[in-house]
Each structure stands twice: as structure tokens, then as C-alpha cells.
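Visitor: Structure in C-alpha cells, see below.
The values are calculated or read from the model by the stated rules, or taken from the named source; none is laboratory data. The structure presented is a predicted model; accordingly, all values stated were derived computationally and were not measured. Here the Cβ positions follow ideal geometry from the backbone for every residue, glycine too, while neighbour counts run over all protein chains shown. Note: accessible area is taken over every heavy atom of the protein model, side chains too, but ligands, DNA and RNA are not part of it. Shrake-Rupley method; radii C 1.70, N 1.55, O 1.52, S 1.80 Å.
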Amino acid sequence: MTPRSLRLRLTLWYLLLLAVILAAFSAGIYLTLRHNLYANLDDSLEARSEDLLTVVQFTGGRPTLAATLPARPSELEQFDRAYDSSGALTFDSSGGAAPVDAGAVRAALSGSASTHSIDVNGSTFHAHLAPITLEGRVQGVIEVARSDGDVADTLRTLLLTLGIAFPATLAVASMGGLFLAGRALAPIDHVTRVARRISAEDLSQRLALDLPEDEVGRLARTFDEMIARLEDSFRRQREFTADASHELRTPLTAIKGQIEVALTKQRSAASYEEVLRTVNEEVDRLIRLVRSLLTLARADAGQIALAFEAVSLQSVVPGAVEQVRPLAAEHGVELRLSSNADAVVRADPDLLLQLLLNLLDNAVKHTPAEGIVSVSWRTIDGQVDLSVTDTGSGIAAEHLPRVFDRFYRADKARSRSAGGSGLGLSICRWIAEAHGGSISVESEPGRGSTFTVRLAEGR
């Protein structure tokens, strides 16, 4: 495994954390045990000194202890000593092997007990000195000392145990860490392998891992959801490209055909004029299509800046109706504007006008002669609903979910003959959503359609 392996890095971080914890734990155990052992040693010395104070003998006014044979220096583990009021030794079971700490003796003669360490032939002893009092006066000093060899041996054994256990624990933990990290990361490895097989040409594959609702499970499900969105996006992109190519090819083919027919033989000026008129109509259609494509491309790229301001519908809607009235008259459709109390929305005036024109143009072209197209609005809970209603043929229920998709037509043949590109409603949806609003449609075949744009009221 390389240092870039996540499994190795997780294991190393785990070992580092464990090493710090073990070091702190070991140090805590060692220091606590050391303190307790030396505290017990000092307590035992104090207890022994208290016992000896009860059996102190005075000979010639000088304190002494019951005579005992002094231990050989090499076997010396503890000793007792007594001093008179002048600090001179009156009893020494160490046989003179232990040096006298004159300062500690003087402190004891002044009435202060103390404990200190002394070195005896390379061994460390803890010595406790306590004053001997008689009738309220200090008559001498008793000294009790004991080797700390047992304590040192215990601490050395503990250090050796910790020194062996520390690396052994880390070694075992490293193997366990690698195993656990491998188990934890195994689903991610599977995700990686499957992801490598997924390409833009085939987005149908899914991970479909049966994982619990944990971090890895959520990652796998999020990945599947992302692939589903990408698949839908690529599908829409392919459809959009194919439809755009088809829409551009249709007028170009018509123009090419008209020109070729006109060039096959000599024709009259009226025939050439008719060809030019037809070509001009197709060019107008191309211009509208390219303008719509450019608008949607700029919208997708976020390159259209919106200039929001308070817009009165009473000033915008009638103007839009008047612009569409010639087209309505050409189709024999009646335009009606319902008289409502004025409403103000926060919007970009130009884009709002374009939305209205698109909806009215779409309604007029899909309404038969003697039909009616009406515009109205109403205010509900701080929202303004702007509606365009027609009495056309309506839209079948299966087409309603896709009427705002780009290039989608419920009746392709009629829409193309009428000059539509299938982009007008897509632009309407983008404008509505860019204003933080929405657009919806209600329709029944044979009874017409109602498109409603909901925008926030604003002053």
C-alpha cells in the first residue's frame, strides 16, 4: 500500500491516536503507582518511629534503643538510630554504614519531624527523623530508615511490562486497524469499480448496493441519484440537439428547395417574387428560432442580467394585448382583457413583456377562428396569478407534464405549419423561475387551456 492509500492513512492516524492514548495511560499508571508506593513507604516509616518512641530507654539521661546486632552493609535493608540532645549518636543498627544528615538531626531537635533520602553504599534509603520528648522537652532524636529497593524493583518491573506491552499493542492494533479499514472501505472500492464502467454513452448502470443508512450507504445512494440526474440531463441534451438540428434543417431545406426550383428554368417576375416571399418567411422563422436558442443558451449560462423593479400589470398587460391583436385578427380570434384592480409585481419589465407575448402568441395560434383568448390576474396572499386562457382544442393529459420542455409539441405538424419552434413555453418557464415564480397549465381536450404565471407581489 502506498502512502496515498486511504486505508493506510486511516490506520496510521488510528495508530498515532492510540499511541498517544497508551503513552498517557502508561505514564499515568507509572506515576500513580510510584507516588502510592513511596507514600506507603513513608507511612510505614512514620508508624515504626511512633512504635519505637514508646520503647525508648534513657541511660544516663541519653536516649537509646534496645541493642540489636548491626546488619552487614551488603545485607542492610533497614536500620534505626537514636541521637541525644546534642545530636550525638547513642544507637546505630546500621553499624556506621549510613551517613548522618546533621541538618535533619538539628531540625528534629528543634521539634520538626522530617523524611528524606540518603545513599548507603549505592542504595537509596528513605529515613524518617522524629524528636524524642520527655516532660515537654526534646531529649533527642530517633531515626528510622528503610531501603526503597522493593519499590524500585516494582517500578522497574512495571516499566519493563509497559515497554513490552506498548509496541506489542500497537503491532496488534495496526493489523486490526488495517482489517477494519479494509472492511469499512470495501463498499467504496466497489463504488469506484462500478463508477469506472459508467460513461457518458451508458449511464443506465447503477450501484444498487444494499447498504445500511450510514455514511457509505448515503454516498452510494447519492451517487445513484446523481447518475440518474446525469442520464436525464444527457437524454435531454441529445433530444435538444436532435430537435434543434431538425428545426434548423427544415427551413434551410425549404429555402434550398425553393431556390433550386426557381433556377431550373426561366420564370416570370411574379414567380421569382413568390419564391423570394417564401424564402423571406423561412428566414424569419430561422431568425426567431436562433433568437430563442440564443435566449435559452444565455439563460442556461446565467448571462442574462435581470433588472428588477415594481411593474404595474395595468400598464404592461394592455400593451402586450395590443401587440398581439393584429395576429389575433388574422386568425379570427377575439382578444379580451378582464378589468381587474391593478396589481404590482417585482419583475424585469422587458422579460415580463416577453413572457406575456409568448403566452398570447401561443394561445392565438392554437385557438380556431371565432375563438376567444382572455387575459386576467388576481392577487392571493401576496402572490399575483396572471392567467392567459384560450378556447382552443386543449391539450391531452399525457402531454401536460412536458409542454414546457424544449422543442416539445403536443401536435407537431400543426405547430410547425404555424411557425412554432417549441421553445416559446420553455422561455416562459425560465422567465417565471428567474423571477422566483412558477408557471402551470390546466387544460382539457376540446375545452381550451389556461396558463397561469405566479409571481410575488411587490411595491
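Visitor: Might you work out the accessible area of residue 134 for me, using a 1.4 Å probe with all protein chains in place, and round it to the nearest 10 Å²?
Guide: Estimated to the nearest 10 Å², residue 134 gives 80 Å².
Visitor: Determine the relative contact order of the chain: mean sequence separation of Cα pairs under 8 Å and six or more apart, normalised by residue count, in whole percent.
Guide: Contact order relative to length: 9 percent.
Visitor: Using a 1.4 angstrom probe and counting only protein chains, how large is the accessible area of residue 378 in Å², to 10?
Guide: Per-residue accessible area (residue 378): approximately 150 Å².
Visitor: Ok, one more. State the label only: which of [x] 23, 56, 21, 0; [y] 14, 16, 12, 11, 11, 12, 17, 7, 0; [z] 16, 24, 15, 12, 11, 14, 7, 1, 0 corresponds to P(r) over Cα pairs in 20 Å bins from 0, in percent computed from the shown model?
Guide: So the calculated entry is the one marked [z].
Visitor: Tilt of helix 149-197 relative to the longest C-alpha principal axis of the chain, in degrees (0 to 90, nearest 10)?
Guide: Roughly 10 degrees, rounded to the nearest 10.
Visitor: With every protein chain left in place, what is the accessible area per residue of the chain in square angstrom, probe 1.4 Å?
Guide: The answer is 57 Å² per residue.
Visitor: Let me ask something else about it. Full extension from residue 160 to residue 228: what is 0.36 nm times the residue separation minus their Cα-Cα distance, to one decimal in nm?
Guide: 18.4 nm
Visitor: In addition: What is the mean projected area of the alpha carbon convex hull for segment 102-145, to one decimal in square nanometres?
Guide: In nm², the orientation-averaged hull projection of segment 102-145 is 2.9.
Visitor: If you don't mind, another one. Length gain on complete extension for the stretch residue 249 to residue 150, per 0.36 nm per residue less the alpha carbon to alpha carbon distance?
Guide: That works out to 25.5 nm of additional length.
Visitor: Something else now. Work out the FRET efficiency for residue 314 and residue 256 from their Cβ-Cβ distance, taking R0 = 56 Å, and round it to the nearest 0.05.
Guide: E(calc), rounded to 0.05, equals 0.70.
Visitor: Let me make sure I get this right: for segment 16-169, a, b and c are the square roots of the gyration tensor eigenvalues over alpha carbons, sorted descending. Under 1.5 in a/c it's rounded, otherwise prolate if a/b > b/c, else oblate. Which is it?
Guide: Prolate, because a/c is 1.5 or more and a/b exceeds b/c.
Visitor: Tell me, in nm to one decimal, what length is gained between residue 196 and residue 12 on full extension, where the rule is 0.36 nm per residue of separation less the Cα-Cα distance?
Guide: Computed gain between residue 196 and residue 12 is 63.4 nm.
Visitor: Let me ask you something else. When the accessible area of the chain is split by element with a 1.4 Å probe, what percent falls to carbon and sulfur?
Guide: Ligands and nucleic acids excluded, carbon and sulfur reach 55 percent.
Visitor: For the chain, what does -39500 (n - 2.57) per DSSP helix run (n ≥ 4), summed and divided by total residues, give at 222 nm, in deg cm²/dmol to the nearest 500?
Guide: -18500 deg cm²/dmol
Visitor: 7 Å from Cα along Cα→Cβ at both residue 59 and residue 269: what's the point-to-point distance in nm?
Guide: 16.1 nm
Visitor: Measure nothing but the geometry: give the 0 to 90° angle between the long axis through the Cα atoms of 424-434 and the longest principal axis through the Cα atoms of the chain, rounded to 10°.
Guide: 40 degrees
Visitor: Restricting to Cα pairs below 8 Å that are 6+ residues apart, what does the relative contact order work out to for segment 10-157? Please round to a whole percent.
Guide: Here the relative contact order equals 23 percent.
Visitor: Once ligands and nucleic acids are excluded and a 1.4 Å probe is used, how much of residue 253 is accessible, expressed in Å² to the nearest 10?
Guide: Number for this one is 80 Å².
Visitor: With θ set to phi - 60° and the Karplus curve 6.51 cos²θ - 1.76 cosθ + 1.60, what are the ³J(HN,Hα) couplings of segment 26-31 in order, to the nearest whole Hz, using x for Gly and Pro?
Guide: 5, 4, x, 4, 4, 5
Visitor: Direction-averaged shadow area of the convex hull around the Cα atoms of segment 352-406, nm²?
Guide: Averaging across all directions leaves 5.0 nm² for the Cα convex hull.
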